[in-house]
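Note sheet for the following structure.
The values are calculated or read from the model by the stated rules, or taken from the named source; none is laboratory data. Owing to the predicted nature of the structure, the values given are computational and were not obtained by experimental measurement. For neighbour counting, all protein chains shown are included, and Cβ atoms are generated from backbone atoms with ideal geometry for every residue, glycine included.
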Amino acid sequence: MAAREGVTRQRSGRSRTKWLTAAFWLVALAFGYRLAGTVTWVEWLLFAAVAAGLTGMWWQRRRRTRLSLVSGIACVLLAAPAVWLSVAVIRAPANLPVDSVGARVVQCGSVVAPVEASELTVSVVRGPPNESYSPVPQTWLETRCAQKLRYRLMSAAGLSVVAALIAVRAVGHFRPPAPLRD
């Protein structure tokens, strides 16, 4: 009798995963918003735990619907650019403005190919190159470039985590659920 009620409830059109889906996307959106700033390790841990827990509960309760294929494709269309963007963030060279007006910059390199600390130099990008500027300490250049590259690495890692969780959901939409047990 209990199995029949489960089948009836499943066929009634009510989603058993609606709140899990809403919670997952709200958490993913909040974390994506936080990626625009600096994310602490506590926020990383909290996001990963909550998102993985919601994904695990969704995976157990999911079922095939008419929109499963569309939802899976939508998840793939979100996950693929996130992976591409995380790779682009790691490979793109970072420029660090030295002045408040941005007349001078230092080329920090990229996350995968950083410029050596001894090779960091300030270059003029706007204005006359022979204008006298105040000297910039090498330690300041090293510290600021290291911070900039670490920020980029954390952003790329965050995008990769979000992409992986969305990819798991995509697989869940494409793969049929296990049959009901009595």
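What's the number of the only condition in (1) within 30 Å of LYS18 (Cβ to Cβ); (2) among the hydroxyl-bearing types (Ser, Thr, Tyr); (3) touching a residue at least 60 places away in the same chain (Cβ under 8 Å); (4) surrounded by fewer than 17 Cβ atoms within 10 Å (Cβ to Cβ) that TYR151 fails to meet?
TYR151 satisfies all of (1) within 30 Å of LYS18 (Cβ to Cβ); (2) among the hydroxyl-bearing types (Ser, Thr, Tyr); (3) touching a residue at least 60 places away in the same chain (Cβ under 8 Å); (4) surrounded by fewer than 17 Cβ atoms within 10 Å (Cβ to Cβ) except (1).
Kindly indicate whether VAL87 is in a loop (DSSP other than H, G, I, E, B), β-branched (Val, Ile, Thr) and under 30 Å from TRP44 (Cα atoms).
On the way: in a loop (DSSP other than H, G, I, E, B): no; β-branched (Val, Ile, Thr): yes; under 30 Å from TRP44 (Cα atoms): yes.
Considered against the rule, which asks whether it is in a loop (DSSP other than H, G, I, E, B), β-branched (Val, Ile, Thr) and under 30 Å from TRP44 (Cα atoms), VAL87 comes out as no.
Yes or no, residue by residue, for (1) part of a loop (DSSP other than H, G, I, E, B); (2) at pLDDT below 80; (3) under 25 Å from PHE174 (Cβ atoms); (4) of a type in the set (A, V, I, L, M, F, W, C):
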residue: ALA3; (1), (2), (3), (4): no, yes, no, yes
residue: VAL7; (1), (2), (3), (4): no, yes, yes, yes
residue: ALA22; (1), (2), (3), (4): no, no, yes, yes
residue: ALA48; (1), (2), (3), (4): no, no, yes, yes
residue: THR65; (1), (2), (3), (4): yes, yes, yes, no
residue: LEU69; (1), (2), (3), (4): no, no, yes, yes
residue: VAL76; (1), (2), (3), (4): no, no, yes, yes
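Can you run down the residue pairs with Cβ atoms below 9 Å, 6 or more apart or on separate chains, where the first is in the range 35-60 and over 17 Å from ALA22 (Cβ atoms) and surrounded by 14 or more Cβ atoms within 10 Å (Cβ to Cβ) and the partner is hydroxyl-bearing (Ser, Thr, Tyr) and at pLDDT 75 or above?
LEU35/SER155; VAL39/SER155
Please count how many residues of the range 110-150 are of a type in the set (Gly, Ala, Ser), out of contact with any strand residue (DSSP E or B) (no Cβ under 7 Å at 6 or more places or on another chain) and at pLDDT 90 or above.
Here is the first cut: in the range 110-150, the ones of a type in the set (Gly, Ala, Ser) are 110, 113, 117-118, 123, 127, 132, 134, 146.
Checking which are out of contact with any strand residue (DSSP E or B) (no Cβ under 7 Å at 6 or more places or on another chain) leaves us with 113, 117-118, 127, 132, 134, 146.
Next cut, at pLDDT 90 or above only: 113, 146.
Counting residues in the range 110-150 that are of a type in the set (Gly, Ala, Ser), out of contact with any strand residue (DSSP E or B) (no Cβ under 7 Å at 6 or more places or on another chain) and at pLDDT 90 or above gives 2.
What are the pairs, 6+ residues apart or on separate chains, where a residue within the range 78-91 that is basic (Lys, Arg) has its Cβ under 9 Å from a residue that is surrounded by 14 or more Cβ atoms within 10 Å (Cβ to Cβ)?
Every condition considered, the pairs that remain are ARG91/SER110; ARG91/VAL111.
Search the range 90-112 for residues being assigned to a loop (DSSP other than H, G, I, E, B) and among the polar types (S, T, N, Q), and hand back the single one that is nearest to the chain's Cα centre (by Cα).
Step one: filter the range 90-112 for residues assigned to a loop (DSSP other than H, G, I, E, B), giving 92-93, 98-103, 110-112.
From the residues that got through so far, the ones that are among the polar types (S, T, N, Q) too are 100, 110.
Working: SER100: 29, SER110: 18 Å.
Filtering the range 90-112 for residues that are assigned to a loop (DSSP other than H, G, I, E, B) and among the polar types (S, T, N, Q), the one nearest to the chain's Cα centre (by Cα) comes out as SER110.
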